[in-house]
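Trainee: After the structure tokens below, expect a handful of questions from me.
The values are calculated or read from the model by the stated rules, or taken from the named source; none is laboratory data. Everything quoted here is computed from the prediction, not taken from an experiment. Neighbour counts run over all protein chains shown; Cβ positions are idealised from the backbone, glycine included.
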Amino acid sequence: MPVFLSFTAKLLKPKTTSTTTLNTVISFTGYHNLIFPKHMSQKCTSIPKKQERVRDHAYDDYMEIEKKTRKVLKFQPLILSQYNETLPISRLDMLSRRIGFKNHEAGKFLLKFPHVFEIYEHPVKRILYCRLTRKAILQIEQEKQALDAQIPDAVTRLRKLLMMSNTGRLRLEHIRIARSEFGLPEDFECSVILKNPQYFRLFDADDTRNKYIELVERDNSLAVCAIEKVRERDYREKGIDEEDIRFSFIVNFPPGFKIGKYYRIAVWKWQRVPYWSPYEDVSGYDLRSLEAQKRMEKRAVATIHEMLSLTVEKKLTLERIAHFRLAMNLPKKLKEFVLQHQGIFYMSTRGNHGKLHTLFLREAYRKGELIEPNDLYLARRKLAELVLLSPRKMMMDRALVSFGQDREDDRMQRVRRVYEGNDFDKYGVEENAGGVGNGEDDLNSDLGSDFESDSSDDDDDCDEIIGAEQGACVSK
């Protein structure tokens, strides 16, 4: 046999391999598609890693309004910090550069919101000034009162936030950045932390030189998630099966989201996967197994859900959630992770030129409004209402008010002239009878337009008074 044919026969000769070796080759070399083609392989029932974001216009419109109010909130402390809470327009451009406005952009911005900002001329200096309107000042006072009234709730929210961390401590700077969302005042370090030494403790880290807030003692009565309360309420009121609701979340997909058969099955299976509570310490568990990883992934969903539930408006930017990623065992790629659960959360990119990703809790909103509003949320929404009011309405109101005042003043002046006998010389009243007749005609023609709407009795009374005074003049 030729050498070439013998070499070819050796290559084509089947080799005996064990089952273990074959399974090893399949699992490590990725030959699964060669043995089981794609049209014959079973569909995967896990939630897909990559999902396209489907827009929900109700949340996007909410963010469009907040984009305007965010700029307004930058101007308010700038004006209130000035002497007499007024700011000259000549200094407006210079000071507005500190808050991110360009040249001649701040003045145009203030003119868009006349219900919030008022531009007037100084009565002595004769230069233009700007100040906040009365409605805007009342809104600030209402928000401050609501913020002070809910400080006990803010203390509870901060305690629960610290309980979700691995070590029971968080950086003070991360809390300060997100203080508005969690309903904490600007001086929360003194009014919340230092005034409650039985709950919190401040200390400086030796290695990083950063300030941290530490929880003094854990309270197990607070270790109840918001979703657990919703499950208990639905179980008692609606009578849902315990096995279906035990580890499930409220899922409400946005309109236009395509839900296939296998995706629906995957969500149903994911809802039944058990997980550890965000308030539970998982340091003692072995997290290397596949089952532990599934539980940790669902625990991350529960952690983000609980963080959004602790906020005032049930929303928080993804960038601020990332500050707590290491302390709460959240995944690195938060954006992709959130997109896997669009039925629970909604991520909006509106506002700040798409640089911020605002995360909403879908179950807390209906048609772009919070289902269970609080006083602080309502006070902040009043500012949005002032921003949305049309400038034309303000101009029309001012025109109607000024028109009514001018007309009333002019009317009263003319009536006053009728009752004062000394002013009849300007209407041509003379000492002789002929002069009196001419003056009376001029007077009646001058006052005719103003007294057309009056009753006939009033006209007769005025004629009698005028005639009596004219007779007195003639007799003299």
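Trainee: So for the range 193-209 (the condition being under 22 Å from Glu363 (Cβ atoms) and modelled with pLDDT under 95), does at least one residue qualify?
Mentor: For the range 193-209, residues under 22 Å from Glu363 (Cβ atoms) and modelled with pLDDT under 95: absent.
Trainee: Find the residue count for the range 198-210, including only residues that are without any contact (Cβ under 8 Å) to a residue 12 or more places away in the chain and part of a loop (DSSP other than H, G, I, E, B).
Mentor: Qualifying residue count for the region: 5.
Trainee: Under 16 Å from Thr358 (Cα atoms), of a type outside the set (Lys, Arg) and surrounded by 12 or more Cβ atoms within 10 Å (Cβ to Cβ): does that describe Glu297?
Mentor: no
Trainee: Go through the range 81-96 residue by residue and tally those that are surrounded by fewer than 14 Cβ atoms within 10 Å (Cβ to Cβ) and within 25 Å of Lys382 (Cα to Cα).
Mentor: 3
Trainee: Report, by residue number, each residue of the range 238-250 that is of a type in the set (A, V, I, L, M, F, W, C) and surrounded by 15 or more Cβ atoms within 10 Å (Cβ to Cβ).
Mentor: Of everything in the range 238-250, those that are of a type in the set (A, V, I, L, M, F, W, C) and surrounded by 15 or more Cβ atoms within 10 Å (Cβ to Cβ) turn out to be Ile245, Phe247, Phe249, Ile250.
Trainee: Does Asp60 meet the test of being of a type in the set (Asp, Glu), within 26 Å of the chain's Cα centre (by Cα), modelled with pLDDT of 50 or more and surrounded by 12 or more Cβ atoms within 10 Å (Cβ to Cβ)?
Mentor: yes
Trainee: In addition: On the given criteria, is Ile265 under 18 Å from Leu162 (Cβ atoms), part of a helix (DSSP H, G or I) and among the aliphatic types (A, V, I, L, M)?
Mentor: No.
Trainee: Also, I was wondering about something else. Just the residues that are over 15 Å from Ala384 (Cα atoms), out of contact with any Asp or Glu (no Cβ under 7 Å at 6 or more places or on another chain) and in a loop (DSSP other than H, G, I, E, B), please, taken from the range 95-126.
Mentor: Listed by number, the residues that qualify are Gly100, Phe101, Lys102, Glu105, His122, Pro123, Val124, Lys125, Arg126.
Trainee: Additional query: Which of the residues spanning the range 310-329 are among the hydrophobic types (A, V, I, L, M, F, W, C), surrounded by fewer than 18 Cβ atoms within 10 Å (Cβ to Cβ) and within 20 Å of Arg295 (Cβ to Cβ)?
Mentor: Answer for the range 310-329, where residues must be among the hydrophobic types (A, V, I, L, M, F, W, C), surrounded by fewer than 18 Cβ atoms within 10 Å (Cβ to Cβ) and within 20 Å of Arg295 (Cβ to Cβ): just Leu326.
Trainee: Then there is this: If I go through the range 211-250 residue by residue, how many of them are touching an Asp or Glu at 6+ places or on another chain (Cβ under 7 Å) and assigned to a loop (DSSP other than H, G, I, E, B)?
Mentor: 3
Trainee: Quick one: how many residues across the range 97-129 are under 11 Å from Phe75 (Cα atoms) and buried (at least 19 other Cβ atoms within 10 Å of the Cβ)?
Mentor: Adding up the residues that qualify gives 5.
Trainee: Further question on the same structure: For Glu181, work out the one condition from (1) part of a helix (DSSP H, G or I); (2) outside the structural domain of Ala327 (by TED's automatic domain parsing); (3) under 18 Å from Lys314 (Cα atoms) it doesn't fulfil.
Mentor: The failed condition is (1).
Trainee: Could you count how many residues in the range 358-373 are surrounded by fewer than 20 Cβ atoms within 10 Å (Cβ to Cβ), under 13 Å from the mean Cα position of the chain (by Cα) and not charged (D, E, K, R)?
Mentor: Qualifying residue count for the region: 3.
Trainee: Under 8 Å by Cβ, and 6 or more places apart or on different chains, what pairs join a residue from the range 241-264 that is closer than 18 Å to Pro48 by Cα and assigned by TED's automatic domain parsing to the domain that holds Glu363 with one that is among the β-branched types (Val, Ile, Thr) and not in a loop (DSSP other than H, G, I, E, B)?
Mentor: Phe249/Ile227; Phe249/Val301; Val251/Val267
Trainee: Can you spot a residue in the range 145-164 that is part of a loop (DSSP other than H, G, I, E, B), at pLDDT 90 or above and within 29 Å of Thr303 (Cβ to Cβ)?
Mentor: Scanning the range 145-164 turns up at least one residue that is part of a loop (DSSP other than H, G, I, E, B), at pLDDT 90 or above and within 29 Å of Thr303 (Cβ to Cβ).
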